[in-house]
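Since the structure comes first, as C-alpha cells, the remarks are kept for the end.
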Amino acid sequence: MGQSTLEGTPSARMLRTAPGMESIPITTVPLARFHRVIGSRQAQRLRAVVRGARSALGERTIWHVNSTRTGGGVAEMLQTLLGYERSTGVDSRWLVIEGDAPFFTLTKRIHHHLHGGNGDGLGLGDDDHRHYRRIMRQNVAPLLSHVRSGDVVVLHDPQTAGLALPLRERGAIVIWRCHVGRDRPNRSVTEAWDFLRPYLEHAHGFIFSRECYVPASLGLAPVAIIPPAIDAFSAKNRPLPQRTVRSILRQIGVLASKGHEQAPRYRGANGSWHSVTRAAEILQTAPLTSGRTPVVLQVSRWDPLKDMEGVMRSFAEGLDRLGNAHLVLAGPDVRGVSDDPEGAQVLERCVARWHHLPQSSRERVHLVSLPMDDLEENAVMVNALQRHASVVVQKSLHEGFGLTVTEAMWKRRPIVASAVGGIQDQIVDG
Ligand code: UDP
C-alpha cells in the first residue's frame with residue numbers, strides 16, 4: 001500500500017482547527033508490514049480483527065484526544081500507531097487540547113497522585129476543579145465542531161477526562177484511556193480518583209495498561225487492559241547500521257567529531273531520506289573519544305519519577321566497579337514538551353548534581369538534551385543512542401508502562417530497570 005497523509009504533509013507541524021485545539025496530521029502507513037514481524041498465523045488473526053473492527057465501526061471516525069503532540073509515551077504511540085489504524089480504512093484522527101500553565105501544573109499534580117505521590121503538595125480542591133472545568137470548556141466547542149454523533153472518542157489521561165460529558169451529550173462513544181497507575185494504591189491515588197470520578201462517570205468504557213491500576217470507583221463500565229506498544233518500523237526503532245549510529249552520535253555531540261563529515265541520513269516515515277543536522281545541548285567535560293567505550297544509557301523525560309538524578313548518583317557511587325563505562329542521561333529539550341511543567345526544574349537539579357560530582361565522575365557523565373524541533377530527527381537520535389548503549393537503564397520510581405524498556409529490548413540491549421509498574425510486565429528477571 002502506498003503512503004498518504006491526512007490533512008497535509010507529514011512534516012506539517014500542526015493544524016490549528018479553532019482556538020483551543022490542534023489537529024495533528026497522521027501519515028498513513030500499511031499495517032501489512034507487520035506480517036513479517038508477527039508471522040503468518042498472527043497475521044491471519046490480525047486481518048480477522050481488522051475486518052471485524054471495520055464492520056463494527058462503519059462510517060464512524062475514531063478521535064484520539066490528548067494534551068501534547070511531543071514528548072512522552074502517549075504522544076509517541078499516537079504519532080506512530082494511528083497511521084496503521086488509518087491504513088485499515090478506519091478514519092482515525094488526532095486532536096490535542098490546549099491548556100494554560102496552571103492547568104498543566106494541576107494535571108501534573110494529578111499524575112503524581114495517580115503514582116502515589118503528592119507532587120507539589122498543593123492537594124486537589126475546589127479551585128482546582130474550577131480551573132480544570134474552565135480549560136475543558138474552552139476545548140469543548142472546537143472539539144464538538146469535529147465530532148459527530150456515533151463517533152468514537154478515545155480521551156487520553158487526566159488532562160482530557162473532563163471532556164467525557166459534552167462528548168457523550170453529542171452522542172459519541174467515549175472511552176477514557178489511562179496510561180498511568182500504581183501497583184498498590186495509597187491515599188494519594190484515592191484522592192486523584194476522587195478528583196477525576198465526576199468527569200469519568202460519563203465515559204462508556206475504559207482502557208488501562210495494567211489490571212491493578214483499575215480503581216474500584218469506576219463502577220460497572222467495561223474495562224479493557226491493553227498494554228502500550230511501540231512501532232517496530234518507526235524512526236525510533238528501525239535498524240540502523242553501526243556506522244550511521246556512530247555518525248549520529250557524532251552529530252549529536254556525544255561522540256567526538258572526526259572533523260568534516262557528511263550529515264548522517266535516515267529514512268523518514270514517508271519513505272524519503274532526511275539528514276540529522278541538529279546537535280544536542282550537552283553538559284559534559286568532553287565527548288567520548290572512542291565508539292568502543294561502554295555506555296550506560298537512560299532515555300526519559302526530565303520527570304522526577306524517572307529518577308535521572310538517582311541514576312547519576314548510583315553511577316558515581318559504583319564508578320570503581322564500572323570499568324571505563326560512561327553514563328549518558330538523555331531527555332527531550334525541556335522547551336519541547338508542552339504538558340510537562342517540571343522538565344526544566346528536574347534538568348536543573350541534574351545539572352546542579354553534575355557540578356557537584358567529583359571530577360573523576362563528572363568526566364564520565366553526559367547530560368544530553370535532545371532537540372525536539374523535528375520529531376523524526378529526535379526519534380532517530382534516541383534510536384542511535386539506544387543501539388549504541390552497552391546497557392540501558394530505566395530506574396523509574398513508578399512507571400505506568402515504560403516504552404523505553406520495550407524500545408531497548410526490541411534493539412536487543414541488556415536492560416536494568418526498577419521492578420515497578422508496567423516494567424514488571426516486560427522484563428523477566430535474569
Ligand atoms: N523520548 C523521546 N525523546 C526523548 C526522550 C524520550 O522520543 O528525548 C521517548 C522515549 O523514546 C519513549 C517515550 O518518549 O518512546 C517515553 O515513554 P515512556 O512510556 O518510557 O514514559 P513516559 O514519558 O510516557 O512517562
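Numbers at a glance
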item	result
Net length gained if the chain between Val428 and Arg45 were fully extended (0.36 nm per residue, minus Cα distance)	135.2 nm
Amide proton proximity set for Val223, modelled H, under 5 Å, gap of 5+	Phe206
Length gained when the stretch Ala216-Ala141 is fully extended (0.36 nm per residue, less Cα-Cα span)	23.8 nm
Entries in Lys108/Lys411; Lys258/Lys395; Lys236/Lys258; Lys108/Lys395 that, when Cα-Cα distance is taken, lie over 22 Å	Lys108/Lys411; Lys258/Lys395; Lys236/Lys258
Chain lengthening between Ala256 and Gln359 when straightened (0.36 nm per residue, less Cα-Cα)	35.1 nm
Cα gyration tensor shape of segment 304-430, rounded if a/c is under 1.5, else prolate or oblate by comparing a/b with b/c	rounded
Amide proton proximity set for His326, modelled H, under 5 Å, gap of 5+	Val295, Val296
In segment 129-186, trypsin sites (Lys or Arg not before Pro) in a DSSP loop with at most 14 other beta-carbon atoms within 10 Å	Arg148
Candidate aspartates and glutamates for bridging to Lys306, where Cα separation is under 14 Å - those fewer than 8 sequence places away on the same chain excluded	Asp340, Glu342, Glu399
Calculated FRET efficiency for the pair Arg238/Arg36, C-beta based, R₀ 22 Å, to 0.05	0.95
Largest-first principal axis extents, alpha carbons of the chain, Å	61, 51, 42
Extreme residue, positive dipole direction of the chain, given options Leu143, Leu218, Ala325 (C-beta unit charges)	Ala325
Phi-based couplings in Hz for segment 320-335 (Karplus 6.51, -1.76, 1.60; Gly and Pro marked x)	4, 9, 10, x, 9, 5, 10, 10, 10, 10, 10, x, x, 3, 5, 6
Distant-in-sequence amide H partners of Leu370 (H built 1.01 Å from N, under 5 Å)	Gly331, Asp333
Efficiency of FRET between Arg148 and Arg412 - r from beta-carbon atoms, R0 30 angstrom, step 0.05	0.10
From phi via Karplus (6.51, -1.76, 1.60), per-residue ³J(HN,Hα) for segment 358-371 in Hz, x at Gly/Pro	x, 3, 4, 7, 4, 5, 10, 10, 10, 9, 10, 9, 7, x
Per-peptide average of other Cβ atoms within 10 Å, ordering 107-119, 249-261, 31-43, 56-68 highest first	107-119, 56-68, 249-261, 31-43
Sorted peptide list for 184-192, 217-225, criterion being average Cβ within 10 angstrom, highest first	184-192, 217-225
Using a Förster distance of 41 Å, the FRET efficiency for Asn270-Ala419 (Cβ separation, nearest 0.05)	0.55
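Throughout, read-outs are computed from the coordinates displayed, never taken from laboratory work. Since this is a predicted model, take the numbers as computed values, not measurements. Positions of Cβ are generated from backbone atoms using ideal geometry, with glycine treated the same way; all protein chains shown enter the neighbour counts.
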